[in-house]
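Heads up, the thing below is written out as structure tokens.
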Amino acid sequence: MACALPLERYKSSTSLQVAPSVFRQVRNSSFVSWNSDSNKKNQRQFFVTMQADNRVSRNMHTSSDNKIPHVLTVAGSDSGGGAGIQADLKACAARRVYCSTVITAVTAQNTVGVQGVNIVPEDFVAEQLRSVLYDMHVDVVKTGMLPSLNIVKVLCRSLREFPVKALVVDPVMVSTSGDVLAGHSVLAGFREELLPMADIVTPNIKEASALLNNVPLRSVSDMRTAAKLIHDLGPRNVLVKGGDLPDSLDAIDVFFDGEEFYELCSPRVNTHNTHGTGCTLASSIAAELAKGSSMFSAVKLAKRYVETALDYSKDLFIGNGAQGPFDHFLALKNIDQCCHRQDSFNPNCLLLYAVTDSSMNRKWGRSIADAVKAAVEGGATIVQLREKDAETREFIDAAKVCLEICRSYGVPLLINDRIDVALACDADGVHVGQSDMPAHLARSLLGPEKIIGVSCKTIEQAEQAWVDGADYIGCGGVYPTSTKANNRTIGLDGLREVCQASKLPAVAIGGIGLSNASVVMESVPNVKGVAVVSALFDRECVLTETRNLHTVLSEAMLSRK
Ligand SMILES: Cc1ncc(COP(=O)(O)OP(=O)(O)O)c(N)n1
Ligand SMILES: Cc1nc(C(=O)O)sc1CCOP(=O)(O)O
Ligand SMILES: [Mg+2]
């Protein structure tokens, strides 16, 4: 007897009512009998009995209350992680759908080529299919490497038994490195059984040619003819991918839905990191279909995603072979900088917090970058770009330059107010006030690693900043200031009150400069530093002013110890 329900599901779900003893017994003997076809009837019988006796039904925990879009990929494993199952999992995660996996072959593979292939016995492919399809609600099945005719047949049988919303067939035959992944014997299975069930098939030039008895494909016109001929084999839609077409500046794919041809044209990305492109495209199409897109929209969205990932990853260097993998999550490229940046926020960097001001820079005829460079050279330990009247594009460009300067000094750079600008230039974080974007939203947009500061004048605001996931608070105005209009002054007493209650480190702000910085540091023992605008930037020499203030603050810190 067999049961596809894991014990954890029993434990966590109130809707499943199988007694633990029954369950354990079932689990212990499960899967053993699944390999043989003669036992299949018994399993089905058991499953039905279990439903009747225990009110466990497949639908109860699948279609109605499980709305998470789900793609099942039936493909081979790539040890190099660039293609196959690994690419499918990453693509689905990046496109935000759940992905289960049935592995048809295990390949020893890297960026140089395929060193070995171990085909999973078809019975065990069947068993994996059953395990997933019995238990889970799968929206879309996507196929990749199907290395034997029998595996194709096993898959088609399962798909007849468990119909899904859509079937995406990537007719993988040859790897990017030119190694054969599925022999000619599977072609008959594709033509006769799998393609007639497919909602879309996505061959590249070589695969399209193989499906059509090696007819040569040399032009977009040939691709259209091929798309039509493959469509005649039964799939509802065909996407012939023209990436390998010689002598073409653009990458042109031909989509045929049985009535109309569409040429999907995009600039060719100049990159060697293309390993896994086909698997990723097919999985992304499957993901979009699972989310409810129409076929043509799914293809266009998937293509755009792959192009973006290829473009983003063109400078990645993974492996020594000719075809490298790419980054599905668009997150690896700046990994060096991320690693060099301190992993978590270090409150000591609040000591001399330099906050820029566009009108002061204009008055003194300096660029933002010149102002920032002088401040970090003079000893600023953190910088905030507070460019209230900058145009967005100008702000992003300036922020990128400042970021390079700050990174070369190991100083974090934050952006005032503008979460979009911080995201666009990959700044180290943001500073937001009480009428800016709430810190919890900024946190969800920026992720766990970025620094978030919040302006607070009261104990309640400081508590909320902590709840919202901020890293520090800016507390003021300590003294009257003409830099920020209508700013309420809370004085040293207000600063002390908020800082003492705050669970987050605090920096003091408002009217602070050389003459009063040490008083602030001495009067409020747990303040971490001072944030300063005019005392640095409304002066002739930013470098000198910053140096002098740094000396005063360092001495104040020494006298604390
Ligand atoms: C360190 C630091 N503290 C407070 C502020 C003020 O932020 P906010 O209240 O949002 O006012 P604006 O600076 O946006 O005018 C700050 N910028 N930095
Ligand atoms: C930007 C800002 N925020 C304040 C607050 O109280 O939250 S005071 C302030 C202006 C600080 O400029 P200066 O150093 O020139 O006084
Ligand atoms: Mg603000």
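Data for the structure
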item: Scope the stretch 165-174; condition in a loop (DSSP other than H, G, I, E, B) and open to solvent by 10 Å² or more (accessible area, probe 1.4 Å); matching residues; result: LYS165, VAL172, MET173
item: Residue within the stretch 255-273 that is closer than 30 Å to ILE68 by Cβ and open to solvent by 10 Å² or more (accessible area, probe 1.4 Å) present; result: yes
item: Verdict on SER344 being modelled with pLDDT of 95 or more, at negative phi and surrounded by fewer than 15 Cβ atoms within 10 Å (Cβ to Cβ); result: no
item: Identity of the residue in the stretch 205-227, more than 36 Å from the chain's Cα centre (by Cα) and within 16 Å of PHE190 (Cα to Cα), that ends up most open to solvent (accessible area, probe 1.4 Å); result: ASN213
item: Leading residue by the ranking (farthest from the chain's Cα centre (by Cα)) among those in the stretch 427-454 that are away from ligand 1 (no atom under 15 Å from the Cβ) and under 23 Å from CYS475 (Cβ atoms); result: HIS440
item: Options SER293, SER248, SER284, SER297; residue that is under 30 Å from the mean Cα position of the chain (by Cα) and in a loop (DSSP other than H, G, I, E, B); result: SER293
item: From SER482, SER444, residue being away from ligand 2 (no atom under 16 Å from the Cβ) and hydroxyl-bearing (Ser, Thr, Tyr); result: SER444
item: VAL498 being touching a strand residue (DSSP E or B) at 6+ places or on another chain (Cβ under 9 Å), closer than 22 Å to VAL383 by Cβ and crowded, with 23+ Cβ neighbours inside 10 Å; result: no
item: Residue list for the stretch 402-452, filter: within 12 Å of ligand 3 (Cβ to nearest atom) and assigned to a helix (DSSP H, G or I); result: ILE419, ALA439, ALA442
item: Considering residues of the stretch 533-560 that are surrounded by fewer than 18 Cβ atoms within 10 Å (Cβ to Cβ) and of a type in the set (Gly, Ala, Ser) only, the residue nearest to ligand 2 (Cβ to nearest atom); result: SER534
item: Pairs with Cβ under 9 Å, 6+ apart, first in the stretch 264-282 and closer than 18 Å to CYS99 by Cα, second assigned to a strand (DSSP E or B) and of a type in the set (Val, Ile, Thr); result: CYS279/THR73; ALA282/THR73; ALA282/THR143; ALA282/VAL168; ALA282/VAL169; ALA282/ILE200
item: Count of the stretch 258-305 residues which are among the acidic types (Asp, Glu) and in contact with a Leu (Cβ under 9 Å, 6 or more places away or on another chain); result: 1
item: Selection status of ASP436, within 12 Å of ligand 2 (Cβ to nearest atom), farther than 23 Å from GLN500 by Cβ and either open to solvent by 30 Å² or more (accessible area, probe 1.4 Å) or of a type in the set (Gly, Ala, Ser) (or both); result: yes
item: Test for ILE452: is it of a type in the set (A, V, I, L, M), within 13 Å of ligand 2 (Cβ to nearest atom), modelled with pLDDT of 95 or more and open to solvent by less than 10 Å² (accessible area, probe 1.4 Å); result: no
item: Subset tally (residues that are modelled with pLDDT under 95 and hydrophobic (A, V, I, L, M, F, W, C)) for the stretch 265-288; result: 2
item: Residues of the stretch 455-483 satisfying the condition of being among the charged types (D, E, K, R) and open to solvent by 40 Å² or more (accessible area, probe 1.4 Å); result: LYS457, GLU460, GLU463
item: Candidates SER177, SER131 - the one that is farther than 23 Å from ALA227 by Cα, part of a loop (DSSP other than H, G, I, E, B) and open to solvent by 20 Å² or more (accessible area, probe 1.4 Å); result: SER177
item: Among the candidates ALA398, ALA424, residue that is touching a helix residue (DSSP H, G or I) at 6+ places or on another chain (Cβ under 6 Å), more than 12 Å from ligand 1 (Cβ to nearest atom), of a type outside the set (Ser, Thr, Tyr) and closer than 21 Å to SER534 by Cα; result: ALA398
item: VAL125 vs. criteria at pLDDT 95 or above, closer than 19 Å to LEU281 by Cα and within 31 Å of the chain's Cα centre (by Cα); result: no
item: Close pairs from the stretch 398-416: first away from ligand 2 (no atom under 16 Å from the Cβ), partner among the acidic types (Asp, Glu) and in a helix (DSSP H, G or I), Cβ under 9 Å, at least 6 apart; result: TYR409/GLU377
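Here's the yes/no breakdown for (1) within 12 Å of ligand 1 (Cβ to nearest atom); (2) not small (Gly, Ala, Ser):
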| position | (1), (2) |
| --- | --- |
| CYS456 | yes, yes |
| GLY469 | no, no |
| PRO480 | no, yes |
| THR489 | no, yes |
| LEU492 | no, yes |
| LYS503 | no, yes |
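The values are calculated or read from the model by the stated rules, or taken from the named source; none is laboratory data. Just so it is clear, the model here is predicted, and its values are computed rather than measured. So basically every Cβ, Gly included, is an ideal-geometry build from the backbone, and we count neighbours across all protein chains shown. Surface accessibility is based on the protein's heavy atoms, side chains included, excluding ligands, DNA and RNA. Shrake-Rupley method; radii C 1.70, N 1.55, O 1.52, S 1.80 Å.
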